[in-house]
1. What is the spin-label model distance, in nm, from B:LYS317 to B:LYS100 if the labels are put 7 Å beyond Cα along the C-beta direction?
2. At a Förster radius of 56 Å, what calculated FRET efficiency corresponds to the Cβ-Cβ distance of C:SER34 and A:ALA37, to the nearest 0.05?
3. Can you tell me the 0 to 90 degree angle between the C-alpha axis of helix B:156-170 and the longest principal axis of chain B, rounded to 10?
4. Taking 1 over the mean of 1/r across every pair of different Cα atoms in segment C:100-170, what Kirkwood radius in Å do you get?
5. Nearest 0.05, what FRET efficiency do A:GLU176 and C:ALA41 give at R0 = 56 Å with Cβ-Cβ as r?
6. Kindly report, to the nearest 10 Å², the accessible surface of C:VAL10 as traced by a 1.4 Å probe over protein heavy atoms only.
7. Given points 7 Å out from each Cα along the Cα-Cβ axis, report the A:LYS206 to A:GLN134 separation in nanometres with one decimal.
8. Please calculate the 1.4 Å probe accessible area of C:LEU30, with all protein chains present, and give it to the nearest 10 Å².
Amino acid sequence: MSAPTKTYAAKNNPGRAQTEPAAVRWLLIAVALIFLALFLLLPLAAVFSQAFDKGLAVYLEALREPDTLSSIKLTLITAAVTVPLNLFFGVTAAWAIAKFSFPGKGLLITLIDLPFSVSPVISGLIYVLIFGLQGWLGPWLQEHDIRIVFAVPGIILATIFVTFPFVARELIPLMEAQGKEEEEAALVLGASGLQTFFRVTLPNVKWGIIYGVILCNARAMGEFGAVSVVSGHIRGMTNTVPLHVEILYNEYNYTAAFAVASLLAFLALITLMVKTVAEWKVRQQLENN
Amino acid sequence: MKFKQIALPLAAIAMALSTATAALAANVTLLNVSYDPTRELYTDFNKSFAAYWKSKTGDTVTVKQSHGGSGKQARSVIDGLQADVVTLALAYDIDAIAEKGLIKTGWQKELPHNSSPYTSTIVFLVRKGNPKKIKNWDDLIKPGVSVITPNPKTSGGARWNYLAAWAFALHQPGGNDAKAKEFVAKLFKNVPVLDSGARGSTNTFVQRGLGDVLLAWENEAFLALNELGPDKFDVVTPSESILAEPPVTVIDKVADKHGTRRVAEEYLKYLYSDEGQKIAAKHYYRPINTKIPTKLAKLKLYTIDDKAFGGWQKAQKTHFADGGTFDQIYGSKK
Amino acid sequence: MKLFKQHNNVLPGFGPTLGFTIFYLSLIVLIPLSALVFRTAGLSWGEFVSTVTAPRVLASYKVTFGAALAAALINSIFGVLVAWVLVRYRFPGRRIVDALVDLPFALPTAVAGITLATIYSPNGWVGRFLEPHGIKVAFTPLGIVLAMTFIGLPFVVRTVQPVVEEIDSELEEAAVCLGASRWQTLRRVIFPMLLPSILTGFALSFARAVGEYGSIIFIAGNMPMVSEITPLLIITKLEQFDYQGATAIACIMLLTSFSMLLVINLLQKWSRKYAE
């Protein structure tokens, strides 16, 4: 999960010494492309071909269905809460970890990474164990009529957990690589701590942040396993888009299922496009300088 | 105290968030937590009940639906999913909820017919023209026949499948438990995929084209037939099968708290009315009211309370708990 | 935070940022995860051991870790190739391909699972060509490897890519000047530079694959002892209202993830030292 770092001005024309014979080059390109086509392009194509299987009208009809709309709304709400929280966390964590040295740093980084490799099934389960009726806080919550699991807060919590490391993991290596000389200089010149952060640090890691946010957002909108455990699957209320896809699929409504899935695929494509354009812009800027 | 300072606003927020409205209001919301194959049935039934309730009391009732594997749904209710009523695939799952004190014991006596307003059974869905000539359970263990069923450990429907096969073998001349186990083991040797739920299996059979025969709820088989193409599949009803009784009940704790007990009870009773029974029949369930016409074929049905099984608690322990006959079958199969 | 006094560091904000980091981490990750351990503590040691070493559970470890290993290996080979091609070569559509690599991150796992099953099942786009040759992908352990490869691919590419970008061309020129052939340069100069990032990518892709659930259940077949993954067993235990059994297996998985991540971070530390 490393960010596209500062080497935007990559060597565009490696000299003869640094490259392979044209035949080898094209062979490697071909192998890589075939592999990617098989693993990435084909699934993507399959989603869209099934979605438009019965024509555009059916496709739009599927998206206009009230339960679909409410699932889209829920997914947007979830992402809108999750992403800023994890962004704030990511930036603070990266600041503490990248700019300072302290004992137990390695352990802290590992713990931040943990949600990334915890099985989604477990990620959902832990919140049920705590907030569920049989869990630690369950009876108390029940008494006060507060719903966490099987309601929106539980879905948001599980999503925060799953996307927890994304921004932090993008930023830590980037901020480490940049060192702290620039910040120190700013401070010496009389800038306040926050000024230093916003004027010096932030511009330097802007693209890392954007990349982290994009990934965090995509994952937040697409998470299935963890959310499935805490959702309760109440139609029109606690179904997110990925859960709704599964439900439609299970109702033998394949076209609608893939139509809704294609929304997520669109989202994926748009995020990827934004990312590419952003990178390209920066590169241009660097070349003009 | 600090605690009170936090608790008060928290409670206020919670009340604002809370979606269940008080019973006195003219708008009532019920949550019906059900298993997978009942989606279409309850979509229809809820409309009919809402109209009935409106004409009777003037209140508007909205019934929210939640569907999933029967065991998973029961677990969600145990963990706090605010279901006013549950309509699950088997009594064992509702027993598990009762065990946690959310339902009064003896719930199954509250409504007629073991609290099962409709019944179903297990039949076969085969490819059009039945190329493998599958007529009865003993055809399923023939070599070269590929059988699709979900995993009995995760699917209520699959447990009925398993027990139906078991009952068939047991009632063959000279049948006993050992022979039945051998029969079921042979059957599962012919199973290439175990999906976690009934709908997953249907999708595997129908969409992926896997298997020669799908063991399914009768209502699922007919639904798949109608939804996915009568020109592609046939339903085969075996000579004998098991009587599946999907029970319904009010979740006492939740309904009392929401003040929805009356409407929840009426909701379930309406399932027993002529109108409710007709809707069940329309969706290929077997209505318990014999006056309601049904197109479903007659067959010999064993029940879970037969001596061979001794009720759900015992059947679950013997067959599906860890180390039960199902595990033994897969443990010995290398 | 006085404990870790920062010598020679004029930057402000260490206390609050570290404080918040630990607070948020505890709230979202550590306390919830500890619930898992406490639930398991209800089991005696003997029960715990017999739960997590039951034959079916052991078989699921084998399937899960075996498939994850295979997927991570495939990803390491092709991931490095893709990263190399994307950085070093110019061809039409390169940027689109580059963007597409992140697709598995962005595509919800359930959609991925359904789609892969659609493509590789015996009547699917690809499956129908494999079927006559006796190659079955969907509903076999091979399907698990496929799904895991799909979700793990970006990790290797995205870890290796920046390292390839940073390779100093002078090093290669120097190697050539010293008379090394292209192959020798690749093997002796470039490969060692890439190795730490390849290992990291491998480990990340492995770690991600081990926990994956959503995309796999649709394509695995889920046969006990053959193609049943460990997360599915956790679900299975839960469906039978066996919370302690479920949390026991979950604890084992958690421990595995944690140690794997620890190894990854050590690797990265080592690679940084190596680079200096």
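The values are calculated or read from the model by the stated rules, or taken from the named source; none is laboratory data. Fair warning: this is a prediction, and the values are worked out from it, not measured in the lab. Note that each Cβ is placed from the backbone with ideal geometry, even for glycine, and that neighbours are counted across all protein chains shown. Side chains included, ligands, DNA and RNA excluded: accessible areas come from the protein's heavy atoms. Shrake-Rupley method; radii C 1.70, N 1.55, O 1.52, S 1.80 Å.
1. Here the modelled spin labels are 2.2 nm apart.
2. 0.80
3. It is inclined by approximately 40 degrees.
4. Result for segment C:100-170, one decimal place: 13.8 Å.
5. Values: r = 38 Å, r/R0 = 0.68.
Result of the calculation: an efficiency of 0.90.
6. Solvent-accessible area, nearest 10 Å²: 90 Å².
7. Result for the modelled spin labels: 5.3 nm.
8. My reading of the accessible area for C:LEU30 is about 60 Å².
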